[in-house]
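Let me begin by presenting the structure, written as structure tokens, before commenting on it.
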Amino acid sequence: MRNETHRGGDRMMIVFSGGGTAGHFHPARNIAEALCAAMPGVEPYFVGTEGRIEAAELPTLGYRYRLLRVAGLRNPLREARRRGPVPLRVRRAVGAALDSLRALWLLAAAVLRLLPDFRRREAAAVVLTGGYVCAPAGIAGRLLGLPVILQEQNMHPGKTTRLLARWARQIHLAYPEAGAALPERARQRVIRSGNPIRPLPPAEARGKTAARRALGLPETGTLVLIVGGSQGARKMNRASIEVLQDGLPFDGEFVLWVTGRAHHEEAEAALGGSASDRFAVVPYLESDAMYQALAAADLVVSRAGAMATSEFLAWGLPAVLIPLPTAAGDHQTANARGLAAAGAAVHLPETDTLTGARVWSEVRRLLDTPGRLDTMSRAAADRARPEAAREVAAAIAELLAPGGETSR
């Protein structure tokens, strides 16, 4: 169903759905902003998840939106195979089966709510960027005959992406490696666009010295940026505290640690303050300040989320990546391995033996190897797609334009 007039031809309602985490919601937001710039008259309508990051951010953005209750499927057989006594394995399997039945019920209820909603709003297309909430939005769009557009951030596509790829008109991938996991018939609709990060500042505003000055950091020497994680960050945070607490061999380096709001008090208490002549610890950086931190840094230590790593690539920033092992489908490990293979990063798995000494020895090895950071920086820049949001928006605009594929 393609509505050609959209109430007088002066508006076009586009559904954007992606959420549960910043890595799924922010791509939707960034594409929506780029599409509004490319197609005057576009009105984004967001479908998100109750109680997650989009529920906090959408009221501040000025877009119309709807929040749904959704849940993910769990595999009872996988739970049954986990180690443990037989009664425990049975309970896990039964629990997974019940959780999956509940998830299917929520999915059906969400689709039934969205069908009349999309029809009433005369939606023209559905853009999906991952997370459980994409399933009902994509199914509702498909049932109404709307063009469905996917954007996948990770090197290993999630379950929802693999399901909806079968009938998507466009499938935008950040990494070409992701195409191998899609259904074979869907691969011909793949467009390698990169991840839709926020626009970079003009080239003249990306200077290292000016960025350090703006952040109040030392203007000379090596700056190592550590970016903590909000999910499952205990081991990484402990290692970061050890780096700054245990007198590891610094040689002119300065560390800026962005802990995340939830972990700042713990870090500050362990370190006896938030600043010294060797480090500064902050809970959070707003988007502009975070870009200043990326401009200021020589090396970053971070989780391996897709949007964060795409920003590192855009800034040509070498990285030591410590993937979150409990991320869905272990997608962060796939991201880290792929960037390590490309020469843009070092993959440091989070194991029981992860310590500050282990992290800092990797940092020191990179810093002490002549030319290594420059080589990694060039490899990162080769993989970067800083204009991805505009490229995805341009492809969607072409699809929806009069005379485009959807009007044939």
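Points worth noting:
- Amide H to amide H distances under 5 Å link residue 172 with 150, 151, 152, 191, where only residues 5 or more positions off or on other chains count and H is placed in the peptide plane.
- Placed amide H near residue 301: partners under 5 Å, 5+ positions off or other chain: 225, 226, 227, 320
- Per-residue Cβ neighbour rank within 10 angstrom, fewest leading, 149, 241, 197, 191: 191, 241, 197, 149
- Gyration tensor verdict on region 333-377 (Cα atoms; rounded if a/c is under 1.5, prolate if a/b is larger than b/c, oblate otherwise): oblate
- When you count the other C-beta atoms within 10 angstrom of each residue and take the mean per peptide, 133-139, 277-283, 366-372 line up highest first as 133-139, 277-283, 366-372.
- For the chain, the longest principal axis of the Cα atoms and the long axis of helix 86-120 meet at an angle of about 60 degrees.
- Net charge in the neighbourhood of residue 214 (other residues with Cβ under 13 Å of its Cβ; Lys, Arg +1, Asp, Glu -1) is +1.
- Environment charge at residue 227 (Cβ cut-off 12 Å; Lys +1, Arg +1, Asp -1, Glu -1): 0
- Per-residue 3J(HN,Hα) values for region 43-56, derived from phi via the Karplus relation 6.51 cos²θ - 1.76 cosθ + 1.60 with θ = phi - 60°, read 10, x, 10, 9, 10, x, 10, 4, x, 10, 4, 5, 5, 7 Hz in sequence order (x marks Gly and Pro).
- Tensor-based shape of region 165-222 (alpha-carbon gyration tensor, a/c under 1.5 rounded, otherwise prolate or oblate): prolate
- Simple label model, 7 Å out from Cα along Cβ direction - residue 69 to residue 369, nm: 5.2
- For 187, 120, order by how many other beta-carbon atoms lie within 10 Å, fewest first: 120, 187
- Near residue 100: Cβ cut-off under 14 Å, other residues only, Lys/Arg at +1 and Asp/Glu at -1. The net charge is +3.
- Helix-derived mean residue ellipticity, 222 nm - over the chain, DSSP H n ≥ 4, -39500 (n - 2.57), to 500: -13500 deg cm²/dmol
- Acute angle (nearest 10 degrees) that the helix 356-368 long axis makes with the longest principal axis of the chain, alpha-carbon atoms: 80
- Packing-based ranking of 355-361, 72-78 yields 355-361, 72-78, ordered from highest to lowest mean Cβ neighbour count within 10 Å.
- Compactness of the chain as Cα Rg over 2.2 N^0.38 Å, two decimals: 1.04
- Amide H contacts of residue 43: 12, 13, 14, each under 5 Å away and 5 or more positions distant or on a separate chain (H built 1.01 Å from N in the peptide plane; Pro and chain starts excluded).
- Phi-derived couplings, Karplus 6.51 cos²θ - 1.76 cosθ + 1.60 at θ = phi - 60°, listed residue by residue for region 257-264: 10, 9, 7, x, 4, 5, 10, 5 Hz, with x used for Gly and Pro.
- Shape of region 203-383, Cα gyration tensor, a/c cut at 1.5: rounded
- Highest to lowest packing among 27-36, 94-103, scored as the average C-beta count within 10 Å: 27-36, 94-103
Values in this text are rule-based calculations from the coordinates and carry no lab data. Values in this document were obtained by computation on a predicted structure and should not be read as measured data. Neighbour counts are summed over all protein chains in view; Cβ atoms, including those assigned to glycine, are modelled from backbone coordinates with ideal geometry.
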